[in-house]
Ligand code: AMP
């Protein structure tokens, strides 16, 4: 059986952290559109260079480019049993495209945890977020610091602060989220798939709430 979970929520609310934990627990692939763009950027692919202009401004990369990238990712063998989607879809066009793509793989979006949080807290959290260079593991200097400063607990790689985690870009990203992604909330709510989760709890509490909600 395939299971596709779409995690929704504003930047900084913990989508990536929770998707990573759920992926470890369920064995489902974790697909982060932001990580895929950053990987392309690191490897200086054409896709990465194109995405960079949008990412550095906190804007969304055009739908056709993003959808093409996700289509390729969903076709990889580790998605056979399903996947946890983090950061995609972000627009109604992407959500429609996802439904069509999943139908090709005999799947559909099963459930949509929507993690909610307070804007001021999100800006604060992103300002102290550190990301691992090798695999995108996420730490927070204030709330979940690494054991050793500047070093990833999981793979020992260097931790860095994302350019788009700077306060001006963060505010733009939250605004873009409100303009574009919040339309998806009604899209999935109408389909009866949305489960609202309080993202202002501790990481463990959010995971626990998600696991209980997903079992239902
Ligand atoms: P994230 O890591 O999810 O915060 O994404 C970082 C940046 O990548 C975003 O600010 C966008 O520029 C781009 N991005 C990630 N996912 C998408 C998407 N689904 N659609 C368009 N742009 C995206």
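I need the shape label for the range 129-189. Rule: rounded when a/c is under 1.5, else prolate if a/b > b/c, else oblate, with a, b, c from the alpha carbon gyration tensor.
The shape class here is prolate.
Please report 33, 186, 128 as a ranked list, fewest other C-beta atoms within 10 angstrom at the top and most at the bottom.
186, 128, 33
Place a point 7 Å from Cα of residue 182 in the direction of its Cβ. Which residues in the range 1-41 have their backbone N less than 20 Å from it?
7-15
Can you show me the helix-derived [θ] at 222 nm for the chain, built from DSSP H runs with n ≥ 4 at -39,500 (n - 2.57) apiece and divided by the number of residues, rounded to the nearest 500.
-13500 deg cm²/dmol
Can you give me the relative contact order of the chain as a percent, contacts being Cα pairs under 8 Å and 6 or more apart?
About 30 percent, as a whole number.
Take the chain, connect every pair of alpha-carbon atoms lying under 10 Å apart with a spring to form a Gaussian network, then pick out the residue of 25, 73, 133 with the largest mean-square fluctuation.
Evaluated over the chain, the most mobile residue of the options is 25.
Build a GNM of the chain with springs between Cα atoms under 10 Å: which of 179, 148, 59 gets the top mean-square fluctuation?
Of the options given, 148 has the highest mean-square fluctuation.
Can I get the semi-axes of the range 88-216's equivalent ellipsoid? Compute them from the C-alpha gyration tensor as square roots of 5 times the eigenvalues, in angstrom, largest first.
29, 18, 17
Just to be sure I understand the model, the point goes 7 Å from the Cα along the line to the Cβ. What's the resulting residue 63 to residue 96 distance in nm?
Here the answer is 0.6 nm between the modelled labels.
Before anything else, pin down the relative contact order of the range 1-129: Cα pairs under 8 Å, at least 6 apart, normalised by residue count, whole percent.
Contact order relative to length: 48 percent.
Test of understanding: extend the Cα→C-beta vector of residue 142 to 7 Å, then name every residue of the range 1-28 with backbone N under 14 Å from that spot.
Those under the cut-off are 12-13.
Compute the Cα gyration tensor for the range 43-100, then decide on rounded, prolate or oblate, letting a ≥ b ≥ c be the square roots of its eigenvalues: rounded whenever a/c is under 1.5, prolate when a/b is larger than b/c in the other cases, and oblate in all that remain.
oblate
Provide 177, 154, 187 in ascending order of the number of other Cβ atoms located within 10 Å of each residue's Cβ, fewest first.
Least crowded to most crowded, the residues run 154, 187, 177.
Please work out whether the chain counts as rounded, prolate or oblate from its C-alpha gyration tensor, where a ≥ b ≥ c are the square roots of the eigenvalues and a/c under 1.5 means rounded, while otherwise a/b larger than b/c means prolate and anything else oblate?
Taking the square roots of the gyration eigenvalues as a ≥ b ≥ c, the chain is rounded.
How do 170, 6 line up, fewest other C-beta atoms within 10 Å first?
Taking fewest neighbouring Cβ atoms as first place, the list is 170, 6.
At a Förster distance of 25 Å, what's the computed FRET efficiency of residue 76 paired with residue 120, Cβ-Cβ distance as r, to 0.05?
Efficiency at R0 = 25 Å is approximately 0.05.
Of 201, 18, 175, which has the largest mean-square fluctuation in a 10 Å C-alpha GNM of the chain?
Ranking 201, 18, 175 by mean-square fluctuation puts 201 first.
Run through the DSSP bridge list for the chain and note the antiparallel percent, rounded to the nearest 5.
Here the share of antiparallel DSSP bridges comes out near 30 percent.
Return the whole-Å distance between the Cα centroid of the range 162-216 and the Cα centroid of the range 99-137.
7 Å
Regarding the range 3-111, what's the average projected area of the Cα-atom convex hull, expressed in nm²?
Here the figure is 6.6 nm², rounded to one decimal.
Residue 43 versus residue 133, label points 7 Å from Cα toward the beta carbon: distance in nm?
Rounded to a tenth, the inter-label distance reads 1.9 nm.
Find the relative contact order for the range 62-144 and round it to a whole percent, using C-alpha pairs within less than 8 Å whose residues are 6+ positions apart.
Over the range 62-144, the number comes to 17 percent.
Bear in mind these aren't lab numbers, they're just calculated from the coordinates by the rules spelled out. Predicted model only: the values in this text are computed from it and were never measured. Neighbour counts run over all protein chains shown; Cβ positions are idealised from the backbone, glycine included.
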